Amino acid sequence: MEFFANFIAGFNVALQPLNFMFCFLGVFIGTLIGVLPGIGPVGTMAILLPVTYGIPPTTAIIMLAGIYYGAQYGGSTTSILVNIPGEAASVVTTLDGYQMAKNGRAGPALGIAAFGSFIAGTIAVIGLQLLAPPLVTVALRFGPPEYFSLMILGFVILTYLAQKSMAKALMMAGVGIILGTVGLDTMTGMPRFTFNIPELLDGVGLAPLAMGLFGISEILLNVEKKIKQELITTKVRGIFPNLEDWRRSIGAILRGTGLGFFLGILPGGGAVLSSFVSYAVEKRISKHPEDFGRGAIEGVAAPESANNSAAQGAFIPLLTLGIPANVVMAILLGALMIHNITPGPMLVKDHPQLFWGVISSMYMGNIMLLVLNLPLIGLWVQLLRVPYNILFPMILFVCVIGAYVINNSTVDVSLMLLFGVVGYLMRKFEYEPAPLVLAYVLAPMLENALRQSLILSGGSFGIFMVRPISAGCLLVAAALLFSSLLPMIRRRREEIVAEAEEDE
Amino acid sequence: MKLVRKYLPIIISPWIALFGLLSAILPYPVFGQDFPNKPITVYCGYAAGATTDLTARGLASGVEKLLGVPVVVENKAGGGATVAAGLVASKKPDGYTLGVVSTGVIAVRPHLLKLAYDPLKDFTLICQYSRYIGAVTVLKDAPFKNIQDFITYAKANPGLSYASPGMYTQQHLATELFRQCKGLEFKHVPTKGGAEANTQLLGKHVNFVAGAGQHIQYVKQGAFKMLAVFNTDKRDPNYPDLPTIKELGCQDAPALGYIVVGPKGMPEAVYKKLSEAIKKVTDGPDFQKLLGNLEIPYDYKDRAQLEKDVLVEYEFYKTFLQKMGAKKD
């Protein structure tokens, strides 16, 4: 069996003391930066890139990869505990994770996020090992028209995320699209909506936007309320999810893993898109959709599993085609090229010890992360017991630093504070920030794909219907839209919304 | 205060752990006297992992060892590196702020954008160490053996599509000049960069790509082949069979360079110390190996040469972009 031979050869590499040590170092750093809002894997990996000059390429990639998937574990922590998504991929975790924490179930929320991540990570590595070469050909068939249709599907799914008014969600998505067009037009290089502020040429940063809308606005909202502390100081019951939690989560974890893995392979916003899509799917198929947004454990398990398996899936286009699916993969590509190793179709053949060694290290890394994260959960939960008059200034402090360090830009800090106020008003008037952020992330890709497709087709919109993958995505989107318009389903939706409002 | 003392450790301990780890791994040399006696910041005009970023980091780690102070690369991607350039121009010319950008921030972008800096006056040019390359690149199994086949095929099938690393990049402009001179008709698909452009060719969504550097990796792997090189006067020594588009009788867009710049008015002593250190690093075996691994040419120009050449580029792109109908915002 070639598979097992590769498997054993890979572990031989991964278990070498140096590689083992760097794997641990990578996942440890990854967990830390995942927990800290503001500092993401991209910045950290860029800073550590020169360190890899002096170590063997396999060791370097093992460490850098560890930082990336380690950050996916840590990313959920702040989402759950303080309602600030550490990464874009953890935005959706705030919806139910924070509610769980408020209900005194922060422990199980963090626990299921860690277990879900572990299960998803491990399954995805197996998938990576087995499916890497055949899946690449599928990914390559996604050209501009396919991406456009996939994004449209994403936007339709987005309307299903709406907790309350679908119209308000669509309006927020519209605002998100407008925000997403700020910066240089990628087609012509012309600045749009930049108001002669040079920093805006780059567009509005995701971090200031998300931290402002979710974090700062949360602080402002809580400052109004007098006593909330009692909710938080109630004793947290254990970190291990109970049997009922498991029963409800296991399906969500497995579905999230599958979705995340597939979406991770596609270049673009894999981890982000997958966390949103898996959440929407769970809400759709759940027998208790009314629980979502009120602390449903599936709502934590699904996206946290999906973003982890997407993080592993993203290695497929890099290792087999040399296509970086996101910035993190671009840095890994750079790290490989520094060592004169070209990622691409020939990598597995030319550098088998690297390919199988890195994959095997991921099994180890996932186990290390589980061991590392479970005992630490107790420590993170302690955070909730910190009195608000200390916690809020600290969060504000971390947000301001976080917004500043990404680009060392005071403009980003001002933007974050501005979005904080906007987010506060939005919450007051019951506009949700999540559709805005997702639309903002998807908008540049959507626009680019649309314009590129129309160049290819010479201006004809038929191109979206003649290509099978594209037509399929559009049909599913149309079916979803149509079903939401059916009165029966509509009534059900309204019931759900009514119930959700009662709970407020 | 008691409360603060009680809870502060929980909150700041991850930060301390992170910084502790980073400072343990990163090499921190001893601080010297005179210039430089504090960390030097290098703004890189492109994202982490981009070729420019990789060379900037290679350069920084070499200079760090020679000058004995930390040299920190900060990525300020965007606006075709004009964001980084504008930032450098706004700083004090004390040598502690440098930029690694493309000559495009001086020669090309000013004709397209309203910028916060004066391209010809606001910089101390320190040196150029490499240049950007370009080539007409097709899939390995494409039905043309050489550029002549390709031209014949393109004449018979007007409307071939190609992906470029962006609008008004040197690769787009060279392909445009080639198209005009051979009387061909192409559909131009601008992308966000070389990686996306190559992916479109790999997925067969376009007929060819105006390769911008990374395409070489695919050529080496046998997925792509090149038909002609542009943005150069000379043939590529690694691929001596490929003609330049100048040899084909076409005009070419001059190659932009990877350059190191500082704010204008840098003291002569500081400039000298920096440029000598950089020269020593770029000539050294480590940096040469890095360039070799990235397959980008070593093309060193000192300040005098660079100042002369960048003016030529500036004038070329000014006339050419006007002719193409590009309007300044």
key: Qualifying positions in region A:330-366 - under 14 Å from A:Ala14 (Cα atoms), among the hydrophobic types (A, V, I, L, M, F, W, C) and open to solvent by less than 10 Å² (accessible area, probe 1.4 Å)   = A:Leu354, A:Phe355, A:Val358, A:Ile359, A:Met362
task = Name every residue in region A:137-151 that is aromatic (Phe, Trp, Tyr) and either assigned to a helix (DSSP H, G or I) or open to solvent by less than 10 Å² (accessible area, probe 1.4 Å) (or both), in order of residue number.
result = A:Tyr147, A:Phe148
query = Taking the stated definitions as given, is B:Lys145 at negative phi, free of Cβ contacts under 8 Å to residues at least 24 places away in the same chain and away from every other protein chain (no Cβ under 14 Å)?
reply = yes
task = Answer with yes or no whether A:Thr234 is modelled with pLDDT under 80, within 14 Å of chain B (Cβ to nearest Cβ) and open to solvent by 30 Å² or more (accessible area, probe 1.4 Å).
result = no
request  = Using the structure shown, decide if B:Lys155 is touching a strand residue (DSSP E or B) at 6+ places or on another chain (Cβ under 6 Å) and among the charged types (D, E, K, R).
outcome  = no
query = Given B:Leu112, B:Leu98, which one is touching an Asp or Glu at 6+ places or on another chain (Cβ under 9 Å) and surrounded by 21 or more Cβ atoms within 10 Å (Cβ to Cβ)?
reply = B:Leu112
ask   = For the subset of region B:43-54 comprising residues that are part of a helix (DSSP H, G or I) and either of a type in the set (Lys, Arg) or within 10 Å of chain A (Cβ to nearest Cβ) (or both), which member is surrounded by the most Cβ atoms within 10 Å (Cβ to Cβ)?
value = B:Leu54
query = Say we look at region A:397-412 and pick out the residues that are open to solvent by 20 Å² or more (accessible area, probe 1.4 Å) and among the hydrophobic types (A, V, I, L, M, F, W, C); which of these is modelled with the highest pLDDT?
reply = A:Val411
remark   = By residue number, the members of region B:162-192 that are open to solvent by 10 Å² or more (accessible area, probe 1.4 Å), out of contact with any Pro (no Cβ under 7 Å at 6 or more places or on another chain) and farther than 24 Å from B:Glu247 by Cβ are B:Tyr168, B:Lys187, B:Lys192
Of all residues in region A:186-204 being in contact (Cβ under 8 Å) with a residue 12 or more places away in the chain and open to solvent by less than 50 Å² (accessible area, probe 1.4 Å), the one that is farthest from the other protein chains (Cβ to nearest Cβ) = A:Val204
request  = Kindly check whether there is at least one residue in region A:170-185 that is surrounded by fewer than 19 Cβ atoms within 10 Å (Cβ to Cβ) and modelled with pLDDT under 80.
outcome  = yes
request  = Of the numbered conditions (1) touching a Leu at 6+ places or on another chain (Cβ under 8 Å); (2) open to solvent by less than 10 Å² (accessible area, probe 1.4 Å), A:Met211 fails exactly one; give the number of that condition.
outcome  = (1)
task = Examine region A:375-383 for a residue that is open to solvent by 60 Å² or more (accessible area, probe 1.4 Å), in a helix (DSSP H, G or I), within 14 Å of chain B (Cβ to nearest Cβ) and under 29 Å from A:Gly215 (Cβ atoms), and state whether such a residue exists.
result = yes
request  = For region A:1-50, enumerate the residues that are modelled with pLDDT of 75 or more, among the small types (Gly, Ala, Ser) and in contact with a helix residue (DSSP H, G or I) (Cβ under 6 Å, 6 or more places away or on another chain).
outcome  = A:Ala9, A:Gly10, A:Ala14, A:Gly26, A:Gly30, A:Gly34
request  = Would you confirm whether any residue within region B:68-80 is within 14 Å of chain A (Cβ to nearest Cβ) and open to solvent by less than 10 Å² (accessible area, probe 1.4 Å)?
outcome  = yes
key: Yes/no for B:Val270 being in a strand (DSSP E or B) and surrounded by 18 or more Cβ atoms within 10 Å (Cβ to Cβ)   = no
key: Test for B:Ala212: is it open to solvent by 10 Å² or more (accessible area, probe 1.4 Å) and of a type in the set (A, V, I, L, M)   = yes
note = By residue number, the members of region A:39-83 that are under 27 Å from B:Val71 (Cβ atoms) and small (Gly, Ala, Ser) are A:Gly40, A:Gly43, A:Ala46, A:Gly54, A:Ala60, A:Ala65, A:Gly66, A:Ala71
remark   = Those residues of region A:445-471 that are more than 14 Å from chain B (Cβ to nearest Cβ) and closer than 14 Å to A:Gly154 by Cβ come to a total of 0
remark   = Those residues of region B:286-305 which are more than 13 Å from chain A (Cβ to nearest Cβ) and either among the β-branched types (Val, Ile, Thr) or more than 11 Å from B:Arg131 (Cβ to Cβ) (or both) amount to B:Asp302, B:Arg303, B:Ala304, B:Gln305
task = Can you tell me which residue within region B:151-161, out of those that are out of contact with any helix residue (DSSP H, G or I) (no Cβ under 9 Å at 6 or more places or on another chain) and more than 10 Å from every other protein chain (Cβ to nearest Cβ), is least open to solvent (accessible area, probe 1.4 Å)?
result = B:Asn157
task = Check region A:402-420 and report whether any residue there is within 14 Å of another protein chain (Cβ to nearest Cβ) and aromatic (Phe, Trp, Tyr).
result = yes
query = Which of the helices (runs of 4 or more DSSP H) contained wholly in region B:162-247 include at least 3 residues that are facing chain A (nearest Cβ under 9 Å) and of a type outside the set (Phe, Trp, Tyr)?
reply = B:194-202, B:215-221
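The values are calculated or read from the model by the stated rules, or taken from the named source; none is laboratory data. The structure presented is a predicted model; accordingly, all values stated were derived computationally and were not measured. Positions of Cβ are generated from backbone atoms using ideal geometry, with glycine treated the same way; all protein chains shown enter the neighbour counts. Quick note on the areas: whole protein, heavy atoms, side chains included, nothing else; ligands and nucleic acids left out. Shrake-Rupley method; radii C 1.70, N 1.55, O 1.52, S 1.80 Å.
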